1. Tell me, how many Å apart are the Cα centres for region 55-82 and for region 1-37?
2. Students often get this wrong: which residues of region 54-77 have the backbone nitrogen under 15 Å from the point 7 angstrom along Cα-to-C-beta of Asn9?
3. Applying the Karplus parametrisation 6.51 cos²θ - 1.76 cosθ + 1.60 with θ = phi - 60° to the phi angles of region 57-67, what ³J(HN,Hα) value in whole Hz is obtained for each residue in order, glycine and proline being reported as x?
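Quick note: the coordinates plus some simple rules give every number you see, no bench work behind them. The structure displayed is predicted, hence computed values, not measured ones. So basically every Cβ, Gly included, is an ideal-geometry build from the backbone, and we count neighbours across all protein chains shown.
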Amino acid sequence: MGNKVFVGNLSWEVTEEELQALFAESGTVVSVKVVTDKMTGQPKGFAFVEMAADADAQKAIGQLNGTVLKERPLTVSEALPPKTRDDRGQGGGRGGYGGDRRPGGRGGR
């Protein structure tokens, strides 16, 4: 278990300061990051909270999962490590994209 926590199902109005205060009830909070869209700056509805210790993170998950904040039940769980480009299954060929798809077409042959 790590000390980083995923918080999902957030209302767009929730601020990092509000999450800081909520998670501080479970232990020492190191950082809070509400994830936003790069183009619009609009929150995406989830955040990451880093706790000082693994025990604090476990306590926060146990206490806060399902807690209602701004009329939405939070999903609080252990944050998974970020996927690398190789982990995402990207790459490889573009199979199945060849040829004319119209009826009576040659179908790429």
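1. One Cα centre to the other: 9 Å.
2. Inside the label zone: 61-77.
3. My calculation for region 57-67 gives 5, 4, 5, 4, 4, x, 7, 9, 4, x, 5 Hz in order.
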